[in-house]
Amino acid sequence: MMRFKLLCLFSISVIILSCGNNSTSVTYQNHPKTPKVAVKDYYFGKLVIDNFRHLENLQDSATIKWFKAQDDYTENYLQKLSYQKRIMTDMKAYFSHDNPAISMVKYADNGYAFFLQKEPNENVKKLFFKKTSNSKPIELFDPKTFQGDLSREYIINYIQPSWDGRYILVAISYDGIKGSNLIIIEVDNQKPLPEIISNAEPASYLGISWLPDSSGFLYLYLPILDSENKDYMLNTSTVLYKLGENPEKRHVIFSSSLVSNLTDEDLPIAKIQSKNDKYIIGYKATVDNYWSAYYAEISDLKKDNINWKPFYSSDDKIYADYGFFLNDEFVYISGKNADNRNISSFNINQPIKSKILIQEKKNEVLTALTVSGNNLYYTSSKFGVEAFLYEYKNQTETKIELPSPSGDITLYSASNENPQLYVGIDGWTTDYTRYIYENNQFFLDTVSSNKSYTEFENLEVKEVLVKSYDGVEVPLSIIYNKNLKFDSESPTFIYTYGAYGESISPYFSPIFLNWVIQGGVFAVPHIRGGGEKGDSWHEDGMKSKKYNSWKDIIACTEYLIKNKFTSKDKTVLYSSSAGGIAIGMAMVERPDLFKVFVADVPMLNPLRSEERKNNASNYLEYGTVKDSTECMGLIAMDPYVNLKPNINYPASLVISGFNDARIDPWIPGKFVAKLQEYSTSNNPVFLDVVYNAGHEGGDTIDEYIDLYSRIFAFAFWQTEHKLNP
């Protein structure tokens with residue numbers, strides 16, 4: 001996921017010594033220093049001293065030099081990790097099978113299948129399509145051909161065909177920089193239209209919506225993409241683009257200037273859910289799972305002014321964008337008075353008279369809803385690790401027997417009327433497989449990689465419930481080799497998240513399974529803050545209750561040690577983004593419990609989150625400094641604030657994307673500066689700065705492999721683990 005600049009400041013002998021299996025003879029105190037400049041803040045009478053506030057100024061030359069020096073310091077050690085090349089070679093072998101890798105499959109209503117395909121010896125995915133399941137794939141677009149004179153490595157991050165399959169929209173980006181270019185390819189002649197649309201990001205913001213007649217589409221326009229600009233991510237709007245028009249003449253249809261209850265910071269995203277719909281939905285999208293919405297008639301798009309009407313509020317607890325029109329009836333997933341959610345509906349002409357179609361299920365959280373053949377299909381998840389598929393037809397609910405056990409299910413339909421439902425089934429040790437469900441039967445989708453991985457046949461999956469500090473049972477997924485000795489000697493990679501109500505559902509990843517192949521254990525605690533056990537599971541791990549998240553991590557780690565999966569000298573704690581809060585506080589509260597701490601583009605200073613340019617709606621998850629109770633919760637959950645001097649902290653690798661528009665580089669930077677000063681363990685504390693990546697990391701498979709081979713090599717080094725022969 002990264003391309004690293006290899007610069008040496010120390011002698012080769014020191015580098016080799018530092019990256020051997022025995023790190024105790026090396027002193028890691030020669031890291032780059034930055035002056036301490038105390039800034040005192042009082043939050044409702046509570047004093048917080050910030051000695052590294054100056055690192056928040058990324059325009060300051062001294063700060064930029066410090067980041068560069070930190071990265072050079074890190075490279076001098078990590079570039080010589082003895083196991084990285086071996087791990088990288090193994091990982092690449094998983095992706096070099098004879099069959100091409102197929103992903104991002106989308107169908108049009110005429111049966112055309114569009115997908116990304118990567119050949120075994122290539123690094124970038126190209127766009128292909130097939131007219132029928134038996135026809136030969138036809139290449140439509142190679143991102144290497146786009147603006148080749150700029151020497152940028154573009155990748156495709158989103159595609160969406162028009163309803164009739166005449167056009168395919170393609171979003172491309174590079175180096176993780178926020179903002180994609182949109183191009184439209186005419187499928188029959190396999191040529192792109194001349195217009196290029198900039199300042200869009202459909203992969204992050206609910207995609208685009210084609211008009212019913214496929215003459216154009218709606219997309220979210222982002223005027224300012226420079227995160228250093230004071231107007232960054234402000235005044236966004238949904239724009240109507242008609243094919244052939246000048247993309248610079250943007251026809252705004254939904255924005256804060258058109259709807260009074262929207263602010264400049266809101267994300268106004270308008271969607272058309274199916275080709276025969278009469279209505280557009282306008283969402284006030286936030287980080288919360290339940291949004292407020294407006295609606296208008298699609299025919300209004302032909303008028304100068306669109307008549308947006310209130311549809312529902314966030315208090316109605318209608319789940320994100322899982323809502324569909326069946327004529328004038330609106331069907332949706334509801335969390336109102338239903339912790340595990342139900343499916344309800346109302347007539348658009350009588351919205352206050354809602355009715356429940358599917359009652360809330362015990363121990364199953366409703367997770368997704370779609371329409372196919374004008375029938376409802378929806379999924380549920382038990383504790384986030386076992387998924388089920390249901391059909392609602394003729395006012396009757398039917399549980400559909402799956403072709404194989406499933407840890408996670410994805411659903412896709414070309415339109416409400418299309419009778420073919422596309423079902424993806426995933427699991428910890430079974431590859432993601434796509435099926436077509438029609439006439440009560442499953443058929444293997446031929447537009448799929450359909451690979452087999454014999455390397456992982458001897459892996460075992462154990463799902464357990466672990467009692468946390470307060471007696472609450474936390475789901476814990478454990479993946480290990482069937483021949484594990486349970487002698488406490490296995491390095492254990494603990495990956496968790498616990499934020500925004502997002503669940504870590506079972507997914508097949510040869511990258512992470514490589515850790516198990518090398519003799520390790522892969523463990524996923526489904527901690528509070530996620531959505532694995534319903535909305536209350538999320539609420540019990542957010543804002544002032546965030547402490548439950550890291551205490552759940554601690555309990556699950558103690559379970560792994562008690563049951564001899566691992567020991568304190570073999571534990572590796574990992575997460576990214578908002579997961580940095582939970583793992584950061586678990587490490588701060590119990591530094592003795594973890595041998596290695598790895599945080600990738602992590603939120604480690606939430607107390608300062610609102611100081612970022614356009615913090616958007618993240619305060620809904622973390623809390624705000626403007627409220628006394630939530631502010632105290634922010635202070636209590638802040639890993640940077642809660643670091644203490646003279647503590648033996650674990651070996652730490654903190655990764656920052658310099659183009660990251662969500663977690664500003666200074667957030668992990670400040671944490672590393674303070675950790676380097678406070679830790680007395682003589683364990684290394686490294687800041688790895690990636691200058692050509694954003695929040696999602698690098699763009700290609702090679703960069704992804706580069707990242708995790710480095711993380712794993714660092715963890716194996718610090719846990720003194722020898723790879724399997």
Set of aspartates and glutamates near Lys80 by C-alpha distance (under 19 Å), chain-local residues within fewer than 8 positions excluded: Asp71, Asp72, Asp90, Asp688, Asp702, Glu703, Asp706, Glu720
Nothing charged except the Cβ atoms of Lys and Arg (+1) and of Asp and Glu (-1): what's the magnitude of the dipole of the chain about its Cα centre? Round to the nearest 20 debye. 1020 debye
Explain nothing, just compute: Karplus ³J(HN,Hα) = 6.51 cos²θ - 1.76 cosθ + 1.60, θ = phi - 60°, for every residue of the stretch 296-309 in order, whole Hz, x for Gly and Pro. 8, 7, 4, 4, 5, 5, 8, 9, 6, 10, 9, 8, 7, 10
Which length gain, in nm to one decimal place, applies between Ala320 and Val461 when the Cα-Cα distance is subtracted from 0.36 nm times their residue separation? 47.6 nm
Directionally averaged projected area (convex hull, Cα atoms, the stretch 499-623), nm²: 8.2 nm²
What percent of all Cα-Cα pairs in the chain falls in each 20 Å bin, counting up from 0? 16, 52, 30, 2
Options Tyr412, Phe658, Asn276, ranked by Cα towards positive dipole end of the chain, top entry (Cβ charges): Phe658
Ranked by how many other beta carbons lie within 10 Å on average, peptides 392-403, 469-480, 47-58 from highest: 469-480, 47-58, 392-403
At 25 °C in a medium of viscosity 0.890 mPa s, the stretch 99-200 has a Stokes-Einstein diffusion coefficient, with Rh taken as the Kirkwood radius over alpha carbon pairs, in µm² per second, of 176 µm²/s
Could you give each residue of the stretch 337-342 its phi-based ³J(HN,Hα) in whole Hz, using Karplus coefficients 6.51, -1.76, 1.60 with θ = phi - 60°, and x for Gly or Pro? 6, 8, 4, 9, 6, 10
Please give every one of the lysines within straight-line cross-link reach of Lys399, meaning a C-alpha to C-alpha distance under 17 Å, and leave out same-chain neighbours fewer than 8 residues apart. Lys361, Lys362, Lys382
Arrange Lys467, Lys36 by Cβ neighbour counts within 10 Å, fewest through most, would you? Lys467, Lys36
How large is the translational diffusion coefficient of the stretch 317-450 in µm² per second when you combine the Kirkwood radius over alpha carbon pairs with Stokes-Einstein at 10 °C and 1.306 mPa s? 103 µm²/s
With bins of 5 Å, the percent of all Cα-Cα pairs of the stretch 606-684 per bin from 0 is 3, 14, 21, 21, 17, 14, 7, 2
Of the options Asn440, Ile400, Gln359, report the single residue whose Cα projects farthest towards the positive end of the charge dipole of the stretch 317-450 (beta-carbon charges: Lys, Arg +1; Asp, Glu -1). Gln359
Charges only on Cβ, +1 for Lys and Arg, -1 for Asp and Glu: so what's the dipole of the stretch 410-538 about the Cα centre, in debye to the nearest 20? 200 debye
When the Kirkwood radius is taken over all Cα pairs of the stretch 205-300, what Stokes-Einstein diffusion coefficient follows at 20 °C and 1.002 mPa s, in µm²/s? 154 µm²/s
Mind ordering 494-500, 717-723 by average Cβ neighbours within 10 Å, highest first? 494-500, 717-723
Using Cα pairs closer than 8 Å and at least 6 residues apart in sequence, work out the relative contact order for the chain, in percent. 13 percent
The stretch 555-645: radius of gyration over Cα atoms, expressed as a fraction of 2.2 N^0.38 Å: 1.21
Distance between the C-alpha centers of the stretch 619-674 and the stretch 65-143? Whole Å please. 32 Å
Kindly give the semi-axes, whole Å and largest first, of the ellipsoid equivalent to the stretch 372-420, taking each as the square root of 5 times a Cα gyration tensor eigenvalue. 21, 13, 9
Summing -39500 (n - 2.57) over every DSSP H run of at least 4 residues in the chain and dividing by its residue count gives a helix-only mean residue ellipticity at 222 nm, to the nearest 500 deg cm²/dmol, of -5000 deg cm²/dmol
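Since every read-out is calculated from the coordinates, none of them should be taken as a lab result. This is a predicted model, so every value here is computed, not measured. All Cβ positions, even for glycine, are placed from backbone atoms using ideal geometry, and neighbour counts span all protein chains on display.
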